[in-house]
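In what follows, a single structure is set out as structure tokens and then discussed.
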Amino acid sequence: MESRIRVLFLNVLGCAALAMLVSGCSRAIDAIDDPYTAEPVIDVEVERREIRRPRIDTENFEVGAHAGFMSIEDFGTSSVVGARLAYHITESLFAEAHYGQSTAGKTSFETLSGAVELLTPSQRNFRHYDLSIGYNLLPGEAFIGRNRAFSSALYLLAGAGSTDFAGDSRFTLSFGAGYRVLITDWLSAHITVRDHVFRTDLLGEDKTVHNVEFTIGLGWFF
Amino acid sequence: MYWSTFCRGALLGALLFLHFVTAAEAKDQHYVVVVAEPFLEMHTGPGRGYPRFHVAERGEQVEVLKRRTDWFKVRTARGVEGWSSREQISRTLEPSGAPAQISAPSRLDYLERRTEGGVLLGDFGGANVLAAYGAFHMTRNLSLELWGSDINGRFSSGWMINANLVHQPWPEWRISPYFTLGTGVVRIEPQATLVDVEDRTDQLAHAGIGLRMHVSRNFMLRAEFKSYVVFTSREENEDVNEWKAGFAFFF
């Protein structure tokens with residue numbers, strides 16, 4: 001009898017101990033699971049900073065002015081002035097719009113005959129424009145003196161446009177080559193030769209004329 | 001006389017001053033990157049053909065001064081200035097450790113382009129035509145174009161301005177067809193060596209199809225056929241067909 005009471009007592013004690021153990025464990029698990037309910041030791045308040053990255057200046061456009069000489073077939077050689085706008089598409093390719101104007105001289109027939117004038121003064125205005133594509137063929141450096149080197153490139157040009165001369169405008173193909181030296185990163189010097197080819201019947205027969213233009217100019221990158 | 005010379009001189013001086021002032025102001029705000037690869041190559045000019053003359057080593061900070069096509073002018077902490085390619089700059093890091101905000105050239109640049117320009121050459125009803133255009137892309141498929149054309153024929157010359165809408169159904173194709181619809185005005189003037197015929201300006205409308213080919217980077221080739229209806233003041237409208245091909249680029 002006494003031993004049965006002892007067993008019962010021990011069972012009750014064991015159950016109570018087990019219950020206490022389980023509840024203690026679950027409380028410990030609760031504490032692990034939920035650490036955020038506690039007050040933080042340091043209250044971190046990070047202000048959101050607006051980071052503005054400096055813009056990188058892109059300089060793919062080049063505007064320029066040039067002057068030189070133009071040989072107008074049958075009408076002698078005259079001075080020419082002009083302007084150009086280029087867009088550098090890749091390191092090798094660029095697109096260019098080019099304009100030039102000049103005043104044609106007299107044909108040898110007009111000079112020899114003395115009094116004959118084939119064209120009126122306004123018809124002697126020779127204006128041409130072309131839209132070309134250029135290819136930088138030979139990139140390199142130009143050395144001036146012992147300590148100075150400038151980036152340079154030899155480029156080829158091919159394009160089409162129109163020539164306004166003797167009261168008419170004519171479809172014109174133009175071919176050329178040029179040499180560009182970068183004096184600074186934003187300033188370039190050009191020496192360019194272009195041939196403007198078109199068909200005309202101005203002097204009676206229908207023929208193809210070549211008008212070679214030689215210019216020196218400056219360009220600004222922006 | 002003296003006054004005008006003085007004015008010109010003052011203007012030139014002011015321009016020069018402005019140039020240097022803006023250059024000096026910009027100095028403090030350059031984009032700075034840290035070399036993450038073993039080294040960053042620097043060339044003497046903006047192109048692969050210009051010789052390499054210096055390298056910035058890993059961990060070095062360089063300032064990015066300017067960009068020309070796919071080349072970046074950089075300056076090292078020691079003041080050495082040179083040009084590095086977009087591929088190499090794209091593999092650098094910002095001082096915070098984040099990748100530099102300059103991505104290597106990708107096809108996405110082509111697909112996501114907004115503005116585009118180009119020059120095409122061809123035949124407009126027997127006359128030579130040279131046309132230049134600018135385009136604005138509203139979506140990958142739909143764009144709005146503005147064209148200016150110079151027409152030079154044996155018997156007449158003139159110009160044309162057109163606005164048109166272009167639909168490109170498969171923009172992701174390397175060679176991709178497109179369809180276009182538009183309207184404009186045309187001006188025709190007879191050549192001076194012919195008897196006097198009246199100059200005329202007429203409205204026109206056109207429909208066309210074409211092909212656009214992405215060659216590399218921001219360079220494209222383009223060819224198209226357009227059929228124009230010129231609304232003349234005479235009894236009949238005039239139909240003119242135009243073929244042309246050329247190159248284009250996007251900004």
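One residue is enough: does the range B:190-201 have a residue meeting the conditions surrounded by 14 or more Cβ atoms within 10 Å (Cβ to Cβ) and in contact with a His (Cβ under 9 Å, 6 or more places away or on another chain)?
Scanning the range B:190-201, I find no residue that is surrounded by 14 or more Cβ atoms within 10 Å (Cβ to Cβ) and in contact with a His (Cβ under 9 Å, 6 or more places away or on another chain), so the answer is no.
Quick check, is B:TRP159 of a type in the set (Phe, Trp, Tyr) and more than 12 Å from chain A (Cβ to nearest Cβ)?
Answer is no for this residue.
Just the residues that are of a type outside the set (Phe, Trp, Tyr), within 14 Å of chain B (Cβ to nearest Cβ) and in contact with a Phe, Trp or Tyr (Cβ under 6 Å, 6 or more places away or on another chain), please, taken from the range A:64-89.
A:ALA86, A:HIS88, A:ILE89
Determine, yes or no, whether A:PHE165 is within 20 Å of the chain's Cα centre (by Cα) and crowded, with 18+ Cβ neighbours inside 10 Å.
no
Considering A:PHE94, A:PHE109, which residue is of a type outside the set (Gly, Ala, Ser) and either closer than 29 Å to B:TRP71 by Cα or within 11 Å of another protein chain (Cβ to nearest Cβ) (or both)?
Residue meeting the stated conditions: A:PHE94.
Quick check on the range B:50-58. Is at least one of its residues under 12 Å from B:LEU40 (Cβ atoms), more than 9 Å from every other protein chain (Cβ to nearest Cβ) and either out of contact with any strand residue (DSSP E or B) (no Cβ under 8 Å at 6 or more places or on another chain) or of a type in the set (Gly, Ala, Ser) (or both)?
yes
Select from the range A:194-212 the residues that are within 12 Å of A:SER174 (Cα to Cα) and touching a Ser or Thr at 6+ places or on another chain (Cβ under 8 Å) and write down the one among them that is farthest from the other protein chains (Cβ to nearest Cβ).
Ranking the candidates gives A:VAL212 first.
Yes or no, residue by residue, for (1) at pLDDT below 90; (2) in contact with a His (Cβ under 7 Å, 6 or more places away or on another chain); (3) among the small types (Gly, Ala, Ser):
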position	(1), (2), (3)
A:ARG4	yes, no, no
A:ARG27	yes, no, no
A:ALA31	yes, no, yes
A:GLY68	no, no, yes
A:VAL80	no, no, no
A:LEU93	no, no, no
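Go through (1) surrounded by 20 or more Cβ atoms within 10 Å (Cβ to Cβ); (2) part of a strand (DSSP E or B) for A:LEU202 and report which single condition fails.
Tallying (1) surrounded by 20 or more Cβ atoms within 10 Å (Cβ to Cβ); (2) part of a strand (DSSP E or B), A:LEU202 fails exactly one: (2).
Sort through A:LEU131, A:LEU85, A:LEU156 and tell me the only one that's out of contact with any Cys (no Cβ under 7 Å at 6 or more places or on another chain), under 22 Å from B:LEU121 (Cα atoms), modelled with pLDDT of 90 or more and surrounded by 16 or more Cβ atoms within 10 Å (Cβ to Cβ).
A:LEU131
Looking at the range B:86-97, can you tell me whether even one residue there is more than 9 Å from chain A (Cβ to nearest Cβ) and of a type in the set (Gly, Ala, Ser)?
Yes: the range B:86-97 contains one or more residues that are more than 9 Å from chain A (Cβ to nearest Cβ) and of a type in the set (Gly, Ala, Ser).
How many residues does the range A:86-135 hold that are aliphatic (A, V, I, L, M), closer than 27 Å to B:GLY148 by Cα and part of a loop (DSSP other than H, G, I, E, B)?
Adding up the residues that qualify gives 1.
Can you name the residue in the range B:72-108 that is surrounded by 15 or more Cβ atoms within 10 Å (Cβ to Cβ) and touching a Ser or Thr at 6+ places or on another chain (Cβ under 6 Å) and, of all such residues, is farthest from A:THR90 (Cα to Cα)?
Checked the range B:72-108; the qualifying residue farthest from A:THR90 (Cα to Cα) is B:ALA100.
In the range A:136-171, how many are in a loop (DSSP other than H, G, I, E, B) and more than 10 Å from chain B (Cβ to nearest Cβ)?
Counting residues in the range A:136-171 that are in a loop (DSSP other than H, G, I, E, B) and more than 10 Å from chain B (Cβ to nearest Cβ) gives 3.
With (1) outside the structural domain of B:GLU41 (by TED's automatic domain parsing); (2) surrounded by fewer than 19 Cβ atoms within 10 Å (Cβ to Cβ); (3) not in a loop (DSSP other than H, G, I, E, B) as the list, and B:ASP150 as the residue in question, which single condition is left unmet?
So B:ASP150 meets the others, but not (2).
Would you mind finding the one in B:SER216, B:SER233, B:SER227 that is of a type in the set (Gly, Ala, Ser), surrounded by fewer than 20 Cβ atoms within 10 Å (Cβ to Cβ) and within 14 Å of chain A (Cβ to nearest Cβ)?
B:SER216
Checking B:VAL74 against (1) in a loop (DSSP other than H, G, I, E, B); (2) in contact (Cβ under 8 Å) with a residue 12 or more places away in the chain, which single condition isn't satisfied?
(1)
The values are calculated or read from the model by the stated rules, or taken from the named source; none is laboratory data. Values in this document were obtained by computation on a predicted structure and should not be read as measured data. Every residue, glycine among them, receives a Cβ derived from its backbone with ideal geometry; neighbour counts consider all protein chains shown.
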